[in-house]
Amino acid sequence: MKRFDIIIVGGGAVGCAIAYTLGRYDARIALLERELDVAMGTSGKNSAVVHAGFNNKPGSLMAKLCVEGNKRFEAVCKTLDVPYKKSGKLIVGFNEEDMAVIDALLEDGRKNGAIGLKKIGREEMKALEPNIEGIGAMLSSDTAVFDPFLYCIHLCEAAMQNGVSFFMGNEVLGIRKERESFVITTCKDEYQCKILINAAGLYADMVSAMAGDDRFRQYPCRGEYYILDEKVSKLLSRPVYPAPRKGVGGLGVHFTTAIDGSVLIGPSAEYIEDREDYATTQTVMDQLLREARLLLPALKKDMIIGSYSGIRPKLVRKGEGNFGDFVIEESPKAERLIHLIGIESPGLTASMPIAEMAVGIALKNTPLKEKKGKGVYRAEYRGAAVFAPLSPEKQDRLIEKDANYGEVVCRCRTITKAETLEALRNPLGVKSVVGVKNRVHAMMGRCQGGYCLPKIAEIMMEECGVPPEGITYRSDGDALFSGRLK
Ligand SMILES: Cc1cc2nc3c(=O)[nH]c(=O)nc-3n(C[C@H](O)[C@H](O)[C@H](O)COP(=O)(O)OP(=O)(O)OC[C@H]3O[C@@H](n4cnc5c(N)ncnc54)[C@H](O)[C@@H]3O)c2cc1C
């Protein structure tokens with residue numbers, strides 16, 4: 001049995017931010033994640049927008065933590081070397097009714113303390129986004145886009161440099177109380193801790209029930225997306241949303257100009273039965289295209305290069321309205337069990353204040369000493385070198401030092417063999433194709449892996465010393481190749 005002071009269940013944005021926050025304390029901390037990498041749940045399947053906080057119910061925890069998260073996000077990304085861009089965003093109205101909704105959003109934003117909001121007329125809107133249709137809009141200049149994969153990965157790698165332990169591929173199957181401790185059984189091992197932090201996202205209600213608190217039920221609500229070619233980013237320079245409609249879950253079908261250059265349409269909002277049903281469906285895809293064309297009439301079907309979906313953990317059932325606030329508390333049924341339940345949007349934006357609130361609750365009755373002394377604790381983290389944005393001179397210098405920078409693996413994004421190798425040598429020890437994809441962003445361009453996937457497979461065979469059948473795509477037992485044909 002492995003013994004720790006605090007164990008976090010779940011390696012999404014929230015669990016990773018908690019691990020990072022706890023890294024400053026002199027204690028034995030561990031994170032258990034059922035997948036082989038972090039950001040494999042909802043944190044890797046969303047719009048990746050840093051919301052400003054005008055869309056959340058005034059007075060709610062969601063509103064408070066979103067506004068706080070937005071104000072700090074840029075600094076956090078700088079500290080952790082995570083791509084971030086203050087793109088701003090437009091909420092567009094098509095008629096006077098929509099403009100009244102925009103007025104209400106402005107008022108909610110003011111109550112929530114959100115900054116950088118203003119109503120603009122059609123002319124100003126057209127000057128910002130000439131290809132967008134509508135009669136006017138709200139401009140939110142403090143909305144941003146960022147890279148959610150590198151955010152989670154760098155939070156963990158920074159936490160690791162501060163002594164936090166990570167156990168991937170460890171699904172929590174059972175939790176029992178033994179005197180003052182929790183004993184956690186995973187699919188691989190047994191762990192013991194004094195404080196248990198449940199950041200299991202979509203499964204947080206189930207993990208909570210395992211620990212003796214069965215008061216919660218989360219309802220999965222799927223959001224489907226189209227991925228558009230990078231060339232669409234010439235038509236749009238910031239995320240564009242429609243004014244939200246009553247009774248429709250989520251923020252409405254919008255365009256997101258993602259940090260990696262692609263553009264997304266979505267998400268839809270549909271309650272589903274199965275928490276693992278990440279399908280994208282013809283009906284919703286048709287709906288996305290229809291709604292998106294109202295905003296951007298120049299949108300064409302041949303601009304679509306892929307699709308995906310993410311699932312919201314809703315605390316309200318279908319038809320009960322859309323609002324269920326974040327639950328961040330010590331369980332009244334199990335002392336020293338800290339819950340994070342119903343962490344749907346804006347959970348990424350708010351992840352750092354959520355983490356700090358959870359840590360504050362966890363340490364209220366069990367204070368820990370902060371690490372002292374030079375070099376003992378490091379908040380900053382630097383990621384691997386990224387080749388494509390460098391000047392030709394700097395690229396030449398890298399190639400001179402390491403010839404693998406001269407070999408391009410992903411042609412859509414100019415990602416090199418050296419970067420792929422660096423991704424495979426990651427501190428968390430992740431050796432999957434998706435692990436490489438999420439670190440270097442290969443397989444995300446126009447070819448969606450058609451050209452680079454075989455090259456990545458070859459590099460993995462060489463670097464990891466495995467046969468083709470030994471290459472893991474995403475999860476344990478998820479082989480990329482099933483066997484040889486000849
Ligand atoms: C369609 C969509 C769009 C969104 N867009 C935005 C946006 O633009 N901006 C924003 O701020 N927020 C957005 N969100 C919300 C945001 O993505 C989530 O709030 C956030 O990612 C939640 O993070 P988490 O760490 O709580 O959960 P997760 O990312 O789901 O992490 C939980 C982790 O726990 C692990 N786990 C589960 N059960 C177990 C177990 N038994 N044992 C071990 N590990 C386990 C999972 O594998 C997972 O990695 C969006 C969400 C959706 C669905």
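The values are calculated or read from the model by the stated rules, or taken from the named source; none is laboratory data. From a predicted model like this one, the values you see are computed outputs, not experimental measurements. No Cβ is skipped: glycine too gets one built from the backbone with ideal geometry, and neighbour counts run over all protein chains shown.
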When the residues of region 1-39 are filtered to those that are among the small types (Gly, Ala, Ser) and not in a helix (DSSP H, G or I), which remaining residue is surrounded by the fewest Cβ atoms within 10 Å (Cβ to Cβ)? Ala27
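Scan the strands (runs of 3 or more DSSP E) fully inside region 248-344 and keep the ones with 3 or more residues being in contact with a strand residue (DSSP E or B) (Cβ under 9 Å, 6 or more places away or on another chain) and not charged (D, E, K, R). Walk me through how you get there before you give the answer.
Numbers: elements: 254-257, 263-266, 304-314, 327-330, 337-341.
Output list reads 254-257, 263-266, 304-314, 337-341.
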Picked from region 358-390 (must be touching a Phe, Trp or Tyr at 6+ places or on another chain (Cβ under 9 Å) and small (Gly, Ala, Ser)), the residue nearest to Ile341 (Cα to Cα) is Ala379
Can you report the number of residues in region 40-58 which are within 7 Å of the ligand (Cβ to nearest atom) and not small (Gly, Ala, Ser)? 7
Report the residue count in region 154-169 for those that are in contact with a strand residue (DSSP E or B) (Cβ under 8 Å, 6 or more places away or on another chain) and surrounded by fewer than 22 Cβ atoms within 10 Å (Cβ to Cβ). 4
Scan region 303-328 and report the pairs whose first residue is more than 20 Å from Arg245 (Cα to Cα) and not assigned by TED's automatic domain parsing to the domain that holds Leu202 and whose second residue is more than 15 Å from the ligand (Cβ to nearest atom) and among the acidic types (Asp, Glu), with Cβ atoms within less than 7 Å and a gap of 6+ or a chain change. Met303/Asp229; Ile305/Asp229
Looking at Tyr203, is it outside any strand (DSSP E or B), near the ligand (Cβ under 9 Å from one of its atoms), modelled with pLDDT of 95 or more and more than 20 Å from Val145 (Cβ to Cβ)? yes
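Table: residues versus (1) surrounded by fewer than 18 Cβ atoms within 10 Å (Cβ to Cβ); (2) at pLDDT 95 or above; (3) among the small types (Gly, Ala, Ser); (4) not assigned by TED's automatic domain parsing to the domain that holds Arg122.
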site	(1), (2), (3), (4)
Ile227	no, yes, no, no
Glu230	no, no, no, no
Val248	yes, no, no, no
Ile259	no, yes, no, no
Ile272	yes, yes, no, no
Asp277	yes, yes, no, no
Arg290	yes, no, no, no
Pairs returned, first residue in region 400-411 that is in the same structural domain as Ala423 (by TED's automatic domain parsing) and acidic (Asp, Glu), second residue that is in a strand (DSSP E or B) and surrounded by 15 or more Cβ atoms within 10 Å (Cβ to Cβ), beta-carbon separation under 7 angstrom, 6 or more apart or interchain, are Glu407/Thr416
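Rundown of residues vs (1) modelled with pLDDT of 95 or more; (2) away from the ligand (no atom under 15 Å from the Cβ); (3) out of contact with any Leu (no Cβ under 9 Å at 6 or more places or on another chain), yes/no style:
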position: Leu173; (1), (2), (3): yes, no, yes
position: Leu196; (1), (2), (3): yes, no, no
position: Tyr219; (1), (2), (3): yes, no, no
position: Pro244; (1), (2), (3): no, no, no
